[in-house]
1. Would you confirm, using the coordinates I've provided, whether Glu152 is surrounded by 15 or more Cβ atoms within 10 Å (Cβ to Cβ) and among the acidic types (Asp, Glu)?
2. Does Ala112 fit the bill of being within 28 Å of Gly274 (Cα to Cα) and crowded, with 16+ Cβ neighbours inside 10 Å?
3. Scan the range 28-71 residue by residue and report those that are within 14 Å of ligand 2 (Cβ to nearest atom) and open to solvent by 40 Å² or more (accessible area, probe 1.4 Å).
4. Do we have any residue at all in the range 108-124 that's within 29 Å of Gln198 (Cα to Cα), in contact with a strand residue (DSSP E or B) (Cβ under 9 Å, 6 or more places away or on another chain) and modelled with pLDDT of 95 or more?
5. Any chance the range 280-291 includes a residue that's in contact with a Gly (Cβ under 8 Å, 6 or more places away or on another chain) and surrounded by 23 or more Cβ atoms within 10 Å (Cβ to Cβ)?
6. Filter the range 121-138 for residues that are surrounded by fewer than 19 Cβ atoms within 10 Å (Cβ to Cβ) and in contact (Cβ under 8 Å) with a residue 12 or more places away in the chain and give the result.
7. Which of the numbered conditions does Tyr16 fail, given that it passes all the others? Conditions: (1) over 23 Å from the mean Cα position of the chain (by Cα); (2) modelled with pLDDT of 95 or more; (3) of a type outside the set (Asp, Glu); (4) closer than 30 Å to Val272 by Cβ.
8. Would you confirm, using the coordinates I've provided, whether Ala101 is open to solvent by less than 40 Å² (accessible area, probe 1.4 Å) and either away from ligand 1 (no atom under 16 Å from the Cβ) or small (Gly, Ala, Ser) (or both)?
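The values are calculated or read from the model by the stated rules, or taken from the named source; none is laboratory data. As the structure is a prediction and not an experimental result, all values here were calculated from the model. Every residue, glycine as well, gets a Cβ built from its backbone with ideal geometry; the counts of neighbours run over all protein chains shown. Keep in mind that these areas ignore ligands, DNA and RNA; they rest on the heavy atoms of the full protein, side chains included. Shrake-Rupley method; radii C 1.70, N 1.55, O 1.52, S 1.80 Å.
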Amino acid sequence: MKNLKHILIPFLFLIYTNCATHTPRTEVTKSLVKKDFLVIGHRGTGDNTIAPENTMSAFKFALKNNAAFELDTMFSKTGELVVIHDSDVDRTTTGKGMVDALTLNELKALDAGIKFSPKFKNEKIPTLEEVIDEFKGKTIIDIEIKSQASGEEAKKIGEAVAKLIKEKKAEKDVFVTSFNPFVLEKIKEVNPNVIRGQLYSDFSDVPQLSFLTKYILRNLKLNFKARPDILAPNFKLVDKDYVEKYHELGYKIYPWTVNDEKDIERLIEAGVDGIISDRADLVNQVYLKLKK
Ligand code: G3P
Ligand code: CA
């Protein structure tokens, strides 16, 4: 009986992981990202000393730096998708409280710029719709969906983002990333044309995943239902071997959040397809220097 268990468990594990393999859609991703190397301003800024994160000013700055940008989105109390990183408004705005406990009107009444600098007084928390309307066709937007939920709760936000992208016909302007594979799963179900990126470090930030799922995601970097096209790992996990291995499988690789010149250089030399950084200007400079 004990022996049977030893044979059965690895056997079931093999079946499960084999089911999990898929081919990322390299051609589809190429039609979105035409550049050989994508510089992605983290939380929009492209330089977090220049403009407050996740604001229109930050996104404009990334655009000026010829960069794509990343943003964070979650639901307000009234169900709109708003653009903010933390689950509360305390750090970045003049308000207090959880984002999902405040209505859109209450969120819009807050100042999202003044704490960063008086120069940005009256900057508002944008909605995802406003950002897409303003930047669609001008640069690529990496929409990170923040959600620690599983099941129906996770599906709701995936569905809302997928629907908004469809409504705005923005499939060729954005890709969606999340640490939460359930959210990506729903994106695929509602709008399979959307490019999906699995963000990850060690998945400790997704407590709802089972040990086995975390193990598979850590080792195979995918979810058989979410079928990501992009891997967005913590940059410390990436080296030349990593890049070779996952390029062979067809993934684009966009590590985060890389701000140090030496790290930027190391990752470009390792062959990553882009970098998520607070220093889009520096990433541009290093890339140009190395490609000369
Ligand atoms: O896009 C990756 C990166 O943004 C994840 O970390 O906490 O800045 O959203 P965080
Ligand atoms: Ca983010």
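1. It is false that Glu152 is surrounded by 15 or more Cβ atoms within 10 Å (Cβ to Cβ) and among the acidic types (Asp, Glu).
2. No: the conditions fail for Ala112.
3. Arg43, Asn48, Glu53
4. There is no residue in the range 108-124 that is within 29 Å of Gln198 (Cα to Cα), in contact with a strand residue (DSSP E or B) (Cβ under 9 Å, 6 or more places away or on another chain) and modelled with pLDDT of 95 or more.
5. Yes, the range 280-291 has at least one match.
6. Lys124, Glu129, Glu130, Asp133, Glu134, Lys136, Gly137, Lys138
7. Result: Tyr16 passes all but (2).
8. Spelling it out, it is not the case that Ala101 is open to solvent by less than 40 Å² (accessible area, probe 1.4 Å) and either away from ligand 1 (no atom under 16 Å from the Cβ) or small (Gly, Ala, Ser) (or both).
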